[in-house]
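Peer 1: Below: one structure in structure tokens.
The values are calculated or read from the model by the stated rules, or taken from the named source; none is laboratory data. This structure is a prediction, so every number in the text was calculated from the model and none was measured. All Cβ positions, even for glycine, are placed from backbone atoms using ideal geometry, and neighbour counts span all protein chains on display. Surface areas here come from the heavy atoms of the whole protein model, side chains and all, with no ligands, DNA or RNA. Shrake-Rupley method; radii C 1.70, N 1.55, O 1.52, S 1.80 Å.
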Amino acid sequence: MAKNLNGVSPTIASLVSVLVCIGCGGGKDQGSTPATPTIAFEKHGELSLEREGAPYLKIDIEIADSDSSRMRGMMQRTGFPEGTGMLFIFPVEEIQTFWMANTPVALDILFANADSQIVDIHKYTRPLSPENVTSEEPALFVLEVPAGFVDSNGIIETDYLAWARTAP
């Protein structure tokens, strides 16, 4: 194996140079941290909020209806596009618990029963909190929207969710 004047092989010297360059950030700001990848919103359907049988608000939704999509939820997302939310569909109506520890955005979380009636609302949940957000009533559907959405739109318990999937 060939060696340079310092007794180090050219391959090792090149590797050390690459590692030093990676370690120094390649000339980037020393104080910056690598960006966390984010998951883009993907429209799966539309949801209306209804009161007394009449819709009063419509949003686009991403649907989380598999174990993996429900577990991932809003993790690795820094927010919602305007007028959107995430609808979780569970296989069984029961007390539902959400965990904010890996969610970097504050949310309003609406729990709805099998009749799609909102039975519990948790507003302004704390991002990255280890505390659980648990429904007080059994729920089959859970809608996550940006914090403040409930107050801004006058959403109340006893309102209903009506949703439909859009064609892919």
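Peer 1: Restricting to segment 82-98, name every residue that is in contact with a strand residue (DSSP E or B) (Cβ under 7 Å, 6 or more places away or on another chain), open to solvent by 20 Å² or more (accessible area, probe 1.4 Å) and not in a strand (DSSP E or B).
Peer 2: Within segment 82-98, Gly83, Ile95 meet the criteria.
Peer 1: Kindly indicate whether Ala112 is of a type in the set (Gly, Ala, Ser), out of contact with any Asp or Glu (no Cβ under 7 Å at 6 or more places or on another chain), surrounded by 15 or more Cβ atoms within 10 Å (Cβ to Cβ) and closer than 18 Å to Trp163 by Cβ.
Peer 2: It is true that Ala112 is of a type in the set (Gly, Ala, Ser), out of contact with any Asp or Glu (no Cβ under 7 Å at 6 or more places or on another chain), surrounded by 15 or more Cβ atoms within 10 Å (Cβ to Cβ) and closer than 18 Å to Trp163 by Cβ.
Peer 1: Which of the following residues is surrounded by 13 or more Cβ atoms within 10 Å (Cβ to Cβ), among the basic types (Lys, Arg) and either modelled with pLDDT of 95 or more or touching a strand residue (DSSP E or B) at 6+ places or on another chain (Cβ under 6 Å) (or both): Arg70, Arg77?
Peer 2: The conditions single out Arg70.
Peer 1: Looking only at segment 113-168, which residues are part of a loop (DSSP other than H, G, I, E, B), of a type in the set (A, V, I, L, M, F, W, C), within 20 Å of the chain's Cα centre (by Cα) and modelled with pLDDT of 95 or more?
Peer 2: Across segment 113-168, the qualifying residue is only Ala147.
Peer 1: Looking at segment 99-112, which of its residues are outside any loop (DSSP other than H, G, I, E, B) and closer than 23 Å to Glu82 by Cα?
Peer 2: Matches in segment 99-112: Leu107, Asp108, Ile109, Leu110, Phe111, Ala112.
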